[in-house]
Amino acid sequence: MGCIFTKLCLPSLPDKSIRDYWQVDGVILDDQVEGKLLRRPSGIIYVYNGNLEYRSRSCIRNRRSTNITLNICSISSIKSSNKFTSLSNGKCVCDVVVEISLKESSEDLSHVAFISNQADTISNTLRSICEKHRQKPRIFQFNSIDVEGIEIECP
């Protein structure tokens, strides 16, 4: 019964074509302004339109669901570890996490951790997605006479 209840409370994905999504047991936010760690409930993270998005699990209609959006271009490092250490006050949380650091802090958010048992898999996949996203696009021009493509250098 609990398994069915959990499935009903999970937020739905915005698009059925999303391939990369994971369930997380919680989120830890490192608040740089107040110098404390903020926790968010379990939910789902997914990659959509160049962003890494988090939606919290919400079974009660009155309760506001928490959403976090991180631009993939602003992510500086992704790693999995057994503990999360705050950059602002040095507090440590012992849990299996995917730790994400951002280049540009948006809304005073520059350090986030997603708690999950699949931390290694999530961090490896997110790292490869970020690398692919940062690569310079290749544009090929095809002639109608021959089949070989000629790569055009982008400025």
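Every number here is computed from the coordinates shown, using simple stated rules; none is lab data. Since the structure is predicted, the reported quantities are computational estimates derived from the model, not experimental observations. Virtual Cβ from ideal backbone geometry, glycine too; neighbours counted across all protein chains shown.
Just a few scattered comments:
- Protection proxy ranking of 74-81, 17-24 - average other beta-carbon atoms within 10 Å, highest first: 74-81, 17-24
- Gain on full stretching of the segment that runs from residue 16 to residue 74 - 0.36 nm per residue minus C-alpha separation: 18.3 nm
- Peptides 113-119, 87-93 ordered by packing proxy, namely the average of other Cβ atoms within 10 Å per residue, highest first: 113-119, 87-93.
- Here the extension length gained between residue 88 and residue 31 equals 19.8 nm, from 0.36 nm per residue of separation less the Cα-Cα distance.
- Using R0 = 22 Å, the C-beta based FRET efficiency linking residue 124 and residue 23 works out to 0.85.
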